[in-house]
Every structure is written in structure tokens, then in C-alpha cells.
1. In segment 257-284, which residues are buried (at least 20 other Cβ atoms within 10 Å of the Cβ), under 17 Å from the mean Cα position of the chain (by Cα) and not aliphatic (A, V, I, L, M)?
2. Within segment 211-319, considering only strands (runs of 3 or more DSSP E) that don't extend past its boundaries, which have at least 3 residues that are out of contact with any Leu (no Cβ under 9 Å at 6 or more places or on another chain) and small (Gly, Ala, Ser)?
3. If a residue has to be within 23 Å of the chain's Cα centre (by Cα) and in a helix (DSSP H, G or I) to count, how many in segment 19-42 make the cut?
4. Of all residues being near the ligand (Cβ under 9 Å from one of its atoms) and surrounded by 14 or more Cβ atoms within 10 Å (Cβ to Cβ) in segment 37-55, which is nearest to Arg319 (Cα to Cα)? Just the residue, please.
5. Could you list, in sequence order, all residues of segment 1-18 that are over 15 Å from Ser68 (Cβ atoms) and more than 21 Å from the chain's Cα centre (by Cα)?
6. Among the listed residues Val117, Val154, which satisfies the condition of being away from the ligand (no atom under 15 Å from the Cβ), under 30 Å from Glu294 (Cα atoms) and β-branched (Val, Ile, Thr)?
Amino acid sequence: MNNNPIRYGIIGLGNIARGVHIPGILRSPDAVLAAVCDPNETRLAAAQRDYGLSPDVCFTDYRDLLSSGLVDAVSICTPNNVHVPVALEAVKNGIPFACEKPLSVDASSAKPLLDAVNETGIPNMVCFSYRFKKAARYARDLIAAGRIGKIRHVYVRYLQGWGNPEKDCPRVWRFDRAASGSGTLADLGSHMLDLVRFLTADEYTLFTAQNGTFMTERRSADPAKNGARETVDVDDYAHYFAGTQSGIAASFEISRNAFGRGNFQHIEIYGDRGALVYELEDDDFLCICEGADEGTHTFRRMEIPEQYFVDQMQCFLDRLRGDEHGLCATVADGYEDMLELDEIIRSSENGTAVRHSAR
Ligand SMILES: NC(=O)c1ccc[n+]([C@@H]2O[C@H](COP(=O)([O-])OP(=O)(O)OC[C@H]3O[C@@H](n4cnc5c(N)ncnc54)[C@H](O)[C@@H]3O)[C@@H](O)[C@H]2O)c1
């Protein structure tokens with residue numbers, strides 16, 4: 001890639017595109033927003049207006065955007081079942097891509113993409129966004145340096161409250177298994193599976209899970225259906241235990257029915273010589289307990305060095321320029337995550353433990 005600004009395209013113009021991807025591109029000195037795509041013409045028109053784009057760089061079909069010659073790289077910000085078709089088309093056109101998580105709706109549908117990037121070497125990223133949190137990056141380095149010793153336990157909570165009945169969220173694609181793969185598990189659990197791999201540099205060996213649905217019906221998201229009730233076929237919560245290759249005993253509690261919670265993450269990591277607590281609600285922070293702290297059971301909040309403050313979209317652009325430190329998740333990580341999600345679903349559905357072999 002030359003030194004001109006990277007001409008960047010955005011496919012799917014919903015919340016994550018407008019909240020993270022587009023602002024990241026507009027902030028960066030290394031890229032320009034060159035084209036956008038969404039089949040929803042209202043959203044497309046809003047993006048055209050808000051970002052001052054000309055009509056001829058606004059597409060309703062991603063294939064037209066990807067073959068237009070207008071972009072050097074794209075973000076894929078569509079619902080989960082539309083990630084792989086768009087990414088395969090990007091590969092076909094030789095265009096690097098940052099794809100939202102989870103990679104797909106199950107591992108088998110994601111496999112052709114893994115094969116395609118392995119064959120072509122097209123640069124890619126899967127947007128496991130919490131890898132870019134300063135507290136997570138610092139924790140990863142502290143763990144790798146042996147600061148808390150050998151890890152025994154990881155306890156993870158990821159809680160949101162927007163699924164609660166009083167929020168009256170309609171049955172959008174996140175409640176439809178064909179579009180999402182699973183519910184809270186795909187949406188939030190996928191992040192935590194990846195984040196624990198990232199923090200510990202370890203791989204899972206076993207899952208035992210119990211997932212469930214509190215609200216089995218929601219009002220239709222289609223205004224023409226006048227609030228008709230529609231079936232929800234995905235989980236509202238996912239609780240699972242995991243074992244890892246190095247012998248960590250981990251547990252995960254994931255819900256979008258946690259009253260009062262916005263985007264709350266709390267991870268406790270216990271080693272044989274110390275402990276770390278990562279937490280995120282609006283901002284993220286890290287606490288440590290070690291040495292003399294042990295007798296007083298004190299967890300001290302840590303100063304996080306400047307080098308750990310990074311931005312997801314800038315990291316992807318750095319990767320395209322060959323100047324990234326290999327910490328972004330790739331399609332290979334996304335595929336691993338899909339295998340894990342499938343196994344957790346199987347464990348919950350069958351009421352049995354399911355073994356996992358990292359690829
Ligand atoms: N990394 C994170 O922390 C994070 C956070 C939120 C969402 N996400 C992921 O981002 C993706 C999108 O989520 P969202 O909340 O923005 O959803 P959303 O429903 O707000 O937006 C999705 C957009 O994709 C568009 N779309 C659908 N089919 C398309 C197609 N064929 N071509 C182009 N656009 C198409 C829709 O019209 C819609 O505008 C999901 O995969 C989700 O899991 C990731």
C-alpha cells in the first residue's frame with residue numbers, strides 16, 4: 001500500500017458503523033471515508049447527508065461498492081449472517097477488510113472465509129473491540145511477564161440490561177437465530193471468549209454451559225405488523241465453565257437481562273502470586289493485588305502507561321501499512337471463536353460437557 005490516504009469503505013450503516021468505524025476513520029490522518037453501502041435507503045441517505053458524500057459513492061449493493069475501484073479497504077458492519085458473503089466478495093476483489101464479530105452464525109459457514117484468507121493472504125481484522133482497551137492490553141503484558149504467576153482462575157461477567165421487558169426492545173435481527181447464530185452468547189459471549197484468550201495467551205479445552213431465554217416472544221420490528229408478537233429463538237443469557245490447556249478453571253456469566261447495566265464487564269484473574277481485576281462500564285480500569293497487598297486484601301488501581309492507549313480503527317490502518325504489533329484479532333481468531341460458540345451451544349442443548357481442540 002502506498003502512502004496516500006487509505007480510501008475506506010463502510011458496508012452496513014447501523015450503530016457500530018456510525019458509533020465506532022466511521023468516527024475512527026474520520027479521526028485518522030491515514031484514511032478518508034470514500035464510499036458507503038446499505039440496502040436501507042433511509043440509512044444510506046442519512047449517511048450521505050451527515051458525512052457530506054456524493055451520491056455516486058453511496059451504494060445499496062455491497063458488490064457494487066467492492067468492484068467500484070473507489071476503496072482500498074472496507075469495514076463490514078452488517079448483521080452476523082451477512083459478514084461472510086461480504087468478506088468473500090472483498091477477498092475476490094483483493095480488498096482488505098475489518099469484519100465485525102462474531103465472524104458468522106456458525107463455524108461451518110465461516111470456514112470458506114478462513115480458507116479464502118489463508119489462500120490469498122488478504123489482510124484482515126475481526127473486531128473484537130475489547131482487545132483495544134488499555135486495561136486489557138496492560139493486563140495482557142503483566143500476565144505475560146509473570147507478574148501474577150501461574151493463573152488458576154478467570155471469572156468473567158459481561159452484563160447488559162437492554163433485553164429487559166421494560167425496555168420493550170422489538171424482535172430485531174439479534175433475536176433471530178438465522179441472522180445472529182445465537183443471542184447473548186454471540187453478541188457478548190463471543191467477545192469474552194476472545195478477550196480471555198487474548199489476556200492469557202491460552203486455548204480452551206472444554207466447555208460446560210447453560211443458556212436460556214426469558215422472553216420467548218417480542219413485538220415485531222416491522223411497523224407494518226402493528227406490534228404483532230414474534231418468536232425469539234436465541235438465548236437471553238449464557239453461563240458457561242471453561243477449562244484451558246494450561247489448567248485455568250474459568251467461568252463466564254453473560255446476560256442482557258441485567259437490570260441497570262449498560263455495558264458492564266468485570267474480569268477477575270487469580271494467579272498463584274497475585275491477582276488482577278479488569279473492569280469496564282463507561283471507562284476501563286485495572287486493579288492489582290500482589291505481595292504486601294495480600295495480607296490487607298487490597299486491590300490497588302493501576303496507572304496505565306500511555307503506550308496502552310490505542311484505537312481500534314487506527315490499529316487496523318496501521319496493520320494495512322505493515323506497522324501493527326500483531327495484537328488485532330484475525331479471521332483465524334474469529335473462526336476459533338465460532339468453534340467455541342458452537343460447542344457452548346451444543347453443551348447447553350445436550351446438557352453435557354463438550355471438548356474443544358484449538359485448531
Ligand atoms: N465490536 C463490538 O463491540 C460491536 C458492538 C456492536 C455491534 N457489533 C457487531 O456489528 C454488527 C452490526 O451491528 P449493529 O448494532 O451496527 O447492527 P444494526 O442493525 O444497527 O446495523 C446493521 C446495518 O447493516 C445493514 N445491512 C443489512 N444487510 C446488509 C447488506 N447486505 N449490505 C449492507 N448493509 C446491510 C442494515 O440495513 C443496518 O443498517 C453485528 O455483527 C454486531 O455483532 C459489534
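Every number in this text was worked out from the coordinates using simple rules, so none of it is lab data. Quick caveat, the model's predicted, so the values are computed rather than measured. Methodologically, a virtual Cβ is constructed for each residue, glycine included, from the backbone with ideal geometry; neighbour enumeration extends over all protein chains shown.
1. Gln265
2. Answer list for segment 211-319: 249-255.
3. 9
4. Here the residue is Cys37.
5. Passing the criteria: Met1, Asn2, Asn3, Asn4, Pro5, Ile6.
6. Going through Val117, Val154 in turn, just one is away from the ligand (no atom under 15 Å from the Cβ), under 30 Å from Glu294 (Cα atoms) and β-branched (Val, Ile, Thr): Val154.
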